Amino acid sequence: MQIIAGPCSVESHQQMHNVVTELIDTVDMIRCGVWKPRTHPGGFEGLGMAALKIVQDIKKEFPYARFCCEVANPQHVELALLHGIDAVWIGARTTSNPFSVSEIASALHGTHTSVMVKNATAPDIELWLGAIERIEQSNVESVSAIHRGFTAYHNTIYRNDPLWEVAIELHRRRTDLPLICDPSHITGRADKVAELSQTALDLGFDGLMIEVHPTPSQALTDATQQITPHELNSLLHSLVQHTNSSTPQRLQMLRTEIDEVDKQLMQILSRRMNICREIATVKKEHNLTVLQSNRWEQVLQDKITMADRLGIDGDFVRRLYESIHTESLRIQIEEERK
Ligand code: PEP
Ligand code: MN
């Protein structure tokens, strides 16, 4: 398990000295924001060159410490590497832009740097993979992916919706790619970082990137989500690590049972869709619209009530039924047009 930790932004020599002194024995690499992408203008945008000078000085005191920072353009790459930054990451906003990623990839060409690519703010797996592929083309030392959650329009309990399925799909397609979780930017809340880190471990992530600040409440960026070095140490001690090497017999039995249940689910879904086709024919004969809003509302409410009785999460059932209903409408429209 690779552990990367450090402040959201480099703020002063003393801050970095404190963090590195506390973390040097427990983490593999120190993260430190040098240039900060801010959604709105006017906020603290990172110390830039002054931050790099601080890192350079700290490196003299701690020659074995390794540092990584975010880069968003070729000039950042050049300056970061010139000042002894050991690894870089591409931030969520930059991953969204193939032009920027290509320029960064060119700047990294032949530099033997380790590069981490955060997911884009939208849950677009192709955009994420595309950015990774562009960086891989520049023959860098190593490439890994960082899952930092996705922007949600509606308020959720998280700052960024984890949508674990996107990271799981990335891992399914690229099992060779180390996958790191950034629980700090997912939760946005210091008191939830430990819980999310454990979830990432349970899902088989290869590493964690956690924001750590000596006095989080005074941090110039992301004050609500940073934890202290002491809190990081207790978090790391509390994590339960799993092995992936052997499959216990009990797990094998449960998986067989799940496979059987899935088979029945698929057969039932297929039956449901066949009934939809028949319904489409009847609606066509009687000149009725495919979407009958009252009926749909009734079906949805029934299922949510049923979910409650069966101890299944109502929100999950709503999402499931919205998906089933969309497919059912698609089938009916297809039938209608025959
Ligand atoms: C960060 O790591 O401080 C950061 C700005 O992250 P993201 O690109 O995930 O928003
Ligand atoms: Mn941050």
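No lab work stands behind these numbers, since they all come straight from the coordinates. Everything numeric here is computed off the predicted structure, so don't read it as measured data. Cβ sites come from the backbone with ideal geometry, for glycine too, and all protein chains shown count toward neighbours.
Nearest-5 percent of antiparallel DSSP beta bridges in the chain?
5 percent
Rounded to the nearest 20 debye, what is the charge dipole size of the chain about its Cα centre when +1 sits on each Lys and Arg Cβ and -1 on each Asp and Glu Cβ?
700 debye
Build a GNM of the chain with springs between Cα atoms under 10 Å: which of 295, 174, 250 gets the top mean-square fluctuation?
Of the options given, 295 has the highest mean-square fluctuation.
Just add up the charged neighbours of residue 12: K/R +1, D/E -1, any other residue whose Cβ is under 14 Å from the Cβ of residue 12.
Every neighbour counted, the sum reads -1.
Sequence neighbours fewer than 8 away in the same chain don't count; with that in mind, list the lysines whose C-alpha is under 28 Å from residue 338.
Within the straight-line cut-off, residue 338 pairs with 283, 284.
When the chain is modelled as a GNM with alpha-carbon springs shorter than 10 Å, which of 298, 56, 14 fluctuates the most?
Comparing 298, 56, 14 in a Gaussian network model of the chain, the most mobile one is 298.
Determine one quarter of the surface area of the Cα convex hull of the range 29-124, which equals its mean projected area, and express it in nm² to one decimal.
6.5 nm²
By count of other Cβ within 10 Å, fewest leading, how are 150, 316 ordered?
Ascending Cβ contact count within 10 Å gives the list 316, 150.
Please provide three numbers in whole Å: the alpha-carbon extents of the range 119-200 along the principal axes, with the largest listed first.
39, 25, 20
Only helices at least 20 Å long along their own axis, judged from Cα atoms, and with Kyte-Doolittle mean hydropathy of -1.0 or greater: name those in the chain from DSSP H.
Long hydrophobic helices here: 249-285, 293-310, 314-336.
For the range 112-183, what is the percent of antiparallel DSSP beta bridges, rounded to the nearest 5?
10 percent
Which of 265, 82, 47 moves the most in a Gaussian network model of the chain with Cα springs under 10 Å?
Greatest mean-square fluctuation among the candidates belongs to 265.
Using the crude model of +1 on Lys and Arg Cβ and -1 on Asp and Glu Cβ, and no other charge, please compute the dipole size for the range 24-166 relative to its Cα centre, in debye to 20.
Using only the charged Cβ atoms, the result is roughly 420 debye.
Of 296, 310, 247, whose Cα points farthest to the positive end of the dipole of the range 241-314 (charges on the beta-carbon: +1 Lys, Arg; -1 Asp, Glu; origin at the Cα centre)?
296
Hey, what did the range 21-176 get for relative contact order, percent, Cα under 8 Å, at least 6 apart?
16 percent
What is the diffusion coefficient of the range 172-250 in µm²/s, taking the Kirkwood radius over Cα pairs and the Stokes-Einstein relation at 37 °C with a viscosity of 0.692 mPa s?
239 µm²/s
Find how many whole Å separate the alpha carbon centroid of the range 1-29 from the alpha carbon centroid of the range 73-116.
When both Cα centres are located, 21 Å separates them.
Once Lys and Arg get +1 and Asp and Glu get -1 on their Cβ, which of 85, 40, 51 lies farthest toward the positive end of the dipole of the chain?
After comparing all options, I get 40.
Only helical DSSP H runs with n ≥ 4 go in: add -39500 (n - 2.57) per run for the chain, normalise by residue count and round the 222 nm mean residue ellipticity to 500 deg cm²/dmol.
Rounded to the nearest 500, it is -16500 deg cm²/dmol.
I need 308, 124 ordered by Cβ neighbour count within 10 Å, fewest first.
Exposure proxy ranking, most exposed first: 308, 124.
Give me the lysines in straight-line cross-link reach of residue 60: C-alpha distance below 27 Å, same-chain residues under 8 apart excluded.
Answer for residue 60, where 27 Å is the Cα cut-off: 36, listed by chain and number.
Out of 329, 74, 111, whose Cα points farthest toward the positive end of the dipole of the chain (charges: +1 Lys, Arg; -1 Asp, Glu; placed on Cβ)?
The residue sitting farthest along the positive end of the dipole is 329.
Convex hull volume of the Cα atoms in the chain, per residue, in Å³?
186 Å³
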